[in-house]
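Colleague: Sharing a structure below in structure tokens format, with a few things to ask.
The values are calculated or read from the model by the stated rules, or taken from the named source; none is laboratory data. Quick caveat, the model's predicted, so the values are computed rather than measured. Quick reminder, even Gly has a Cβ in these numbers, built from the backbone with ideal geometry, and neighbours come from all protein chains shown. All accessible areas refer to the heavy atoms of the entire protein, side chains included, with ligands and DNA or RNA removed. Shrake-Rupley method; radii C 1.70, N 1.55, O 1.52, S 1.80 Å.
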Amino acid sequence: MSDVVEKTLTALPSLLSLDSHSGSTKLSSSSKLGNLIRGITELTSKHEEEKLIQRELASIKEQVSSPNTSMRQMKELMVRAIYCEMLGYEASFSYIHAIKLAQQGTALEKRVGYLAVSLFLNESHELLLLLVNTVLKDLQSTNLIEVCMALTVVSQMFPKDMIPAILPLVEEKLTHPKEIIRRKAVLALYKFYLIAPNQVQHIHNKFRKALCDKDPGVMTASLHIYLQMIQENPEGYKDLTASFVTILKQVVAGKLPMDFNYHSVPAPWLQIQLLRILAFLGKNDQSSSEIMYDILEESLRRAEINHNITYAILYECVKCIYTIHPKSELLEKAAKCIGNFVLSTKINLKYLGLKALTYVVQQDPKLALQHQVTIIECLDHPDLIIKRETLELLFRITNAQNVAVIVEKMLEFLRGNKDDYTTIDLVGKVAELAEKYAPNNEWFIETMSTVFSVGGDTMQPDIPNSFLKLLSEGFDSVEEDRKLKLFAVDSYVSLLQGEPGKLPQRFLQVISWVLGEYSYLRGELDAATVLRLLAKLLDTKSTSSETKSWVLMAMTKVCEGGVGVSVAQEVCETYSSSLDTALRQRAQELQHLSQDRDLRAKVLPREAGSEPLEVDSSLSFLDGFVSEALAAGAAPYKPHHQRQEELAQAKALSMEPYGLPISMSSCSIADRQSPTLLSVSSGLSGDSPSLSQKGGSTTPKLDGVKRVWGRQGYLVQTEPVEESDLVEVTGPLQSPNQQAGADGPPSQTPTLKPTPQPEQEKQQLASSLFVGLGSQSSLCLMGKPEATTQRFRRKAKGPVLSSSTGEQISNSSVSASSMANNLLCNDLLDSNITSETAAPSLEQTPQLSRDLPAANGACAVESTDRDVKENSASLIGDNRLVAADPAPRGDRGKLKDFSAHLPAEFSGLCHSDISPLASNQSLDVSACHVQKEDSLVLVVFMYNSSDDAIPHILLELRSDELEVSCEGDSPVEEARSRSVAVCQYSLTVKKPSVHVEVAGTVSYQLPVGTSQSVQFSYKLPLTSFIRPLTVSTEEYGTMWLDFSHDTKQKLTPICLGQEPLMDTLNVLKKKLKLHVVEIIGMEGIVACRVLRDQPCLMHCRLHAGALSVWLRSPVPDLPDCLMYHCQRALQEH
Amino acid sequence: MYMQSIHLMQFMLLFSRQGKLRLQKWYVPLSDKERKKISRDLVQTILARKPKMCSFLEWRDLKIVYKRYASLYFCCAVEDQDNELITLEIIHRYVELLDKYFGSVCELDIIFNFEKAYFILDEFLLGGEAQETSKKNVLKAIEQADLLQEEAEAPRSVLEEIGLT
């Protein structure tokens, strides 16, 4: 193509003078647009252009508002207005005329009108409401092109509230004889599904018809909807798996008409869409996955032509294969395919290869090893995006052994990086790794210092927060705690003695806090010295006033003794007259507390740092003050959103008249009034605004702080297991000088020939980067020492394991095998102990000496091998190893009955089915939720299906819609072999959505050293969070008026007997746990709340066989979501 | 409540080597100010890249996919998780469509007939998703709508009889 498009702008002026332009293009150089464009090209300065355009806009403005302008001229004017907007000049005066043109023009003019509307307005623009009637009219037109235009604009933007007005017309088009109309109608419904899913719920069966449409274009369009729906709820569409597979088979076999081919590949877009759908359907589902294996293999095989488009399909195919239930042959082929990407000389393919590797490497770390040379090359690639993706990949394979090297690479990138977004992202990742895998105190503090300096003030605030939290909470070992804090103090003191003015504010805040809290630990450090250093910060110009507050607070904690008081006094004098009230207050505090020693000891007790403070988040201590103020005539408090809303209402267009065309007319009772009619309490001036505001969202911020590693990640020194991690880290650090000599005889590196110097450097880098991903196929250079230490750890654990979990082991060969291991390893231990030279820099307990690397040993082979993959065990022909291999894990993957492990306190409560979420070689994760009266508890079961105990499991949960907090003391668990660890989390709704989802990562370290993680997600409907809200009719009335978010819809009531309203409400009450407040005649009022304290009120009215439901809540989106569930509940009944 | 589709294209920009915007289509609601800032930033970033570099780049939390055809740059923004290669081919298919329609397209065709380029884009990508990937079908739809243009001179009654039959 690029050779076809070979004309360039350079010829522009000469071309413009020629009237006859080649091709079908009519160069409208005589038209006004042509003149404008030509005029602009002749200009030389931006200033001239601005003048010209302003003149042009003025003339357009004059003409559009003139009554004599015909629609035809209007069309021409609109094109010019679009052009001006594209150049960056505002032409908002023309928006309304664009709508008019779409409304009144002939088909041809309409086309331009609609185009202008779709370019000028975005979907939240209020003028869009004026388009509704035009669309309505055009949808009914007999001219197919007009129908097409209307559908096109609707699929791009349409006001959500107006969907019911045109929905029947769009639905009707699904059976239109012309395929182009059917196709556009499907896409319009897709748009509706995205912006208001509950509105199109009833037409799901019609989507199926579209899927079966004889026209491939319509079928393809329907896949957009299916992809979305299946992503949200894969369980609901499992029955379609076979159909999607069949469609894909036909496409791949070339059964579609030729014009769907793209560079002789049959319908690639369709193939990719189907592969995405299959990935969702096959995820964690063996039986569905099995249906797909054949076609996936076929797709891999077919896509051979060397063209971008086949690579695009391959990429999607590989992703799918790695997402669904694994099949080893397919995985092998997919891995080979990734190899082709990674090794490609085309940079785009290489990038995608890295991206694919990043995606799969957690499941199959071996792959990273295979491509280590390429990965190292990419790390120095001139194109930043390649570098960046490589770091992403390394991030995923980081473990305790290679963390230092990888973090260094990331920091190196960060230092040269200028893009804020990348910095924020990478800095977060470095902090995460540092917290998870830090080999020692010094490294940790130094790395975090770099993070703070490089991350500057743009980084996520939770990084310093969790760092400080970590320091203050400490670990189990008091001594280690002290050392860490001491080191932090030392390193910060020396930073402050340097040039603190260059440090970012956030870092200075961290420093101040640490010095304030812990500088006393360094006995020889004079409080006065610290105070002077801090005072110096106050004098620095660049210090922000927020930082100054931190500094003053730190000084308050430190000031002691004679010199301290005098420094403090000096500072106080300066700041007690500061214009900044916060600073002034801090200065006052400092002044008082520095003089009154006893008071200071009481206010700032030194050793009580870890005790949680009680915070009255409801601010109830202010109640007296509030009621006094109200009594004195003050206006009641209105929450922020409500004020905004009222402001907006005062200014904005009234939405009301447009409510009529929707089929809601029966609901048009006096608008902002209480619908109950009986409860209008008009005198609400003195009332507190609404129940919801009382502490709903005001929970202390600390709760939300991510517990990246809590007490676990950095526990390094407290347990023997972690100790050996420490030793291992030293391996890579010193590898460059060691490995070439003693450690890497050529006989052990069969995969690599002796190489020249630069190559060798790369190999050394490789050995430190890919350490701990253990595999036979890897370079022995790197694998060996680490593997050996791990072996010893394993050995140490062995006996403990088999005795403590004896009752769990049903298969006798398992314990036999671990015994065999012990024997083997003990032998080696006896004969092969060498002296350790790598460790002295780290503070180690005597136990270290037993964890030394041995020179070689079959045990090492066995243990590295084991954690990679079962099937690789067969590669090794050593008899002893076969004997030592654990019994086949036949029971893995089977559903286990976890209900016995449900904590006893939940026994009487209603809980959901326990559903399996994810599993890998060693861990199966399942979960269920328990509905308590005031909370919802998510219970996660982790079954360790391996033969080894997993000492530390770190479970992290995150969710966009939910707030997750850990129940009980810590999210860290140990899972003994073949037993279940249980974690509990309490969930509350942060942002309502029809379904809410929690995504989780279980990460753990296998005894043999590889860090593993399992990802899963758990989805539950909003209904699980709904609880009845018991209010009186009067209270209901007051609340109703306060709530600002609402939605209305007509539902079909349930008719069992005489009283459909009663029956319907009973069903809703039973299914959704709503509280029926009162029923009067044909109207009913109902109330509920979403945990915690997010009320939603419902008013229903039975009229002419339909139930008009009106929902209101102070929480955005809640009414919509609840409406969806009401509709569902009634339909299912 | 607004659900974000995972494979939605966020926007498409066409600009010249001189950095002049030739076409812009936004599939996600953004304010005017944001639009201007984004296009300015991206035009700058992309023009600064060397020819042999990767066609993809990270920009904020989005993935930008771009390709240069003669004097014009085509640039799309997709979600980070999306398949960049297929986006590249979407650009290419669009160029093919323009080429077929205009008959060996050049930047001038797009400058002077940008509304046509928009019409073609709307037939090919609707709301950020590929609507119709058959070249023949897209062009058929455009040509049929263009027919109206030819007949526009005729009286209205005739116009109303024209359908797609």
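Colleague: I need the calculated FRET efficiency for the pair residue B:52 and residue A:640, taking r as the beta carbon distance and R₀ as 45 Å, to the nearest 0.05.
Modeller: Between residue B:52 and residue A:640 the formula returns 0.30.
Colleague: Sticking with this one: Rounded if a/c is under 1.5, else prolate if a/b is larger than b/c, else oblate: which is region A:108-163, with a ≥ b ≥ c the root eigenvalues of its Cα gyration tensor?
Modeller: Here region A:108-163 falls in the oblate category.
Colleague: Could you tell me the calculated FRET efficiency between residue A:1069 and residue A:909, based on Cβ-Cβ distance and R0 = 22 angstrom, to the nearest 0.05?
Modeller: 0.70
Colleague: Give me the percent of the accessible area of region A:102-212 that comes from carbon and sulfur atoms, probe 1.4 Å, all protein chains in place.
Modeller: 53
Colleague: Let me ask something additional. To the nearest 10 square angstrom, how much accessible area does residue A:311 have with a 1.4 angstrom probe?
Modeller: It works out to around 40 Å².
Colleague: A further question on this structure: Here is the link list: A:160/A:283; A:283/A:336; A:336/B:25; A:61/B:36; A:418/A:638; A:61/A:110. Which ones come out longer than 31 Å on Cα distance? Spell out each step's value before the answer.
Modeller: Values: A:160/A:283 33 Å; A:283/A:336 22 Å; A:336/B:25 39 Å; A:61/B:36 22 Å; A:418/A:638 43 Å; A:61/A:110 20 Å.
Pairs exceeding 31 Å: A:160/A:283; A:336/B:25; A:418/A:638.
Colleague: Okay, next question. For region A:404-546, place one equal point scatterer on every Cα, skip the solvent, and apply the Debye formula. What is log10 of I(q)/I(0) at q = 0.18 Å⁻¹?
Modeller: Debye intensities relative to I(0), on a log10 scale: -1.08.
Colleague: To the nearest 100 Å², how much accessible surface do chains A and B cover up together, summed over both, with a 1.4 Å probe?
Modeller: Chains A and B together bury approximately 8700 Å².
Colleague: State, in angstrom, two size descriptors of region A:198-320 derived from its alpha carbons: Rg to one decimal place and Dmax to the nearest whole number.
Modeller: 14.2, 45
Colleague: Hey, how many Å between the Cα centroid of region A:87-107 and the Cα centroid of region A:1002-1033?
Modeller: Distance between centres, Cα-based: 49 Å.
Colleague: Quote to one decimal, in nm, the extra length available between residue A:253 and residue A:408 on full extension: 0.36 nm per residue of separation minus the C-alpha distance between them. If you can, show how the numbers build up before the last one.
Modeller: Values: separation 155, 0.36 × 155 = 55.80 nm, distance 4.96 nm.
That pair, residue A:253 and residue A:408, stretches by 50.8 nm at full extension.
Colleague: Using only protein heavy atoms and a 1.4 Å probe, report how much of residue A:1027 is accessible, in Å² to the nearest 10.
Modeller: Per-residue accessible area (residue A:1027): approximately 10 Å².
Colleague: Then there's this: Shielding by partners for B:133-142, please: the mean number of other protein chain Cβ atoms within 10 Å of each residue's Cβ.
Modeller: For this peptide, the per-residue mean of nearby foreign Cβ atoms is 5.
Colleague: Computed on alpha carbon atoms, what radius of gyration and Dmax characterise region A:531-603, expressed in Å?
Modeller: So, for region A:531-603, Rg and Dmax equal 11.2, 35 Å respectively.
Colleague: Of the options A:510, A:556, A:545, report the single residue whose Cα projects farthest towards the positive end of the charge dipole of region A:478-556 (beta-carbon charges: Lys, Arg +1; Asp, Glu -1).
Modeller: Of A:510, A:556, A:545, it is A:545.
Colleague: Region A:892-955 to region A:489-539: how many Å between their Cα centroids?
Modeller: Going from one Cα centre to the other spans 47 Å.
Colleague: Moving on. Of A:178/A:214; A:557/A:602; A:206/B:116; A:932/A:1019; A:238/A:366, which pairs sit farther than 22 Å apart, going by alpha carbon to alpha carbon? Mind dumping the intermediate values first?
Modeller: Working: A:178/A:214 12 Å; A:557/A:602 12 Å; A:206/B:116 33 Å; A:932/A:1019 18 Å; A:238/A:366 32 Å.
Flagged as over cut-off: A:206/B:116; A:238/A:366.
Colleague: From the protein chains alone at 1.4 Å, what is the descending order of accessible area for B:122, B:32, A:239, A:259, largest first? All intermediate terms of the calculation are to be shown ahead of the outcome.
Modeller: On the way: B:122 10, B:32 60, A:239 100, A:259 40 Å².
Correct descending sequence by accessible area is A:239, B:32, A:259, B:122.
Colleague: I need the shape label for region A:427-491. Rule: rounded when a/c is under 1.5, else prolate if a/b > b/c, else oblate, with a, b, c from the alpha carbon gyration tensor.
Modeller: Prolate, because a/c is 1.5 or more and a/b exceeds b/c.
Colleague: Tally up the carbon and sulfur contribution to the accessible surface of region A:960-1066 as a whole percent, 1.4 Å probe, everything protein left in place.
Modeller: 43
Colleague: Taking just the C-alpha trace of region A:1049-1112, give me its Rg and Dmax in Å.
Modeller: My reading of the Cα-based Rg and Dmax gives 11.5, 37 Å.
Colleague: A further question on this structure: Give me the distance in nm between label points sitting 7 Å out from Cα along the Cα-to-Cβ direction at residue A:48 and residue A:201, one decimal.
Modeller: 6.3
Colleague: Between residue A:243 and residue A:92, take the C-beta separation as r, use R0 = 41 Å, and let me know the FRET efficiency to the nearest 0.05.
Modeller: 0.25
Colleague: Note down the nm distance, to one decimal, between modelled labels 7 Å out along Cα→Cβ at residue B:143 and at residue A:526.
Modeller: Result: 9.3 nm between the two label points.
Colleague: Now a separate question. Taking the Cα-to-Cβ direction at residue B:45 and at residue A:63 and moving 7 Å from each Cα, how far apart do the two end points lie in nm?
Modeller: That separation, rounded to one decimal, is 3.8 nm.
Colleague: Considering only protein heavy atoms, with the full assembly of protein chains and a 1.4 angstrom probe, order A:1024, A:453 by accessible area, largest first.
Modeller: Descending order: A:453, A:1024.
Colleague: Show me the ranking of peptides A:997-1006, A:40-49 by mean Cβ neighbours inside 10 Å, starting with the highest.
Modeller: A:997-1006, A:40-49
Colleague: Contour minus end-to-end for residue A:497 and residue A:420, with contour as 0.36 nm per residue of separation and end-to-end as the Cα-Cα distance? Don't skip to the end; give the middle numbers.
Modeller: Numbers: separation 77, 0.36 × 77 = 27.72 nm, distance 2.89 nm.
Roughly 24.8 nm would be gained on extension.
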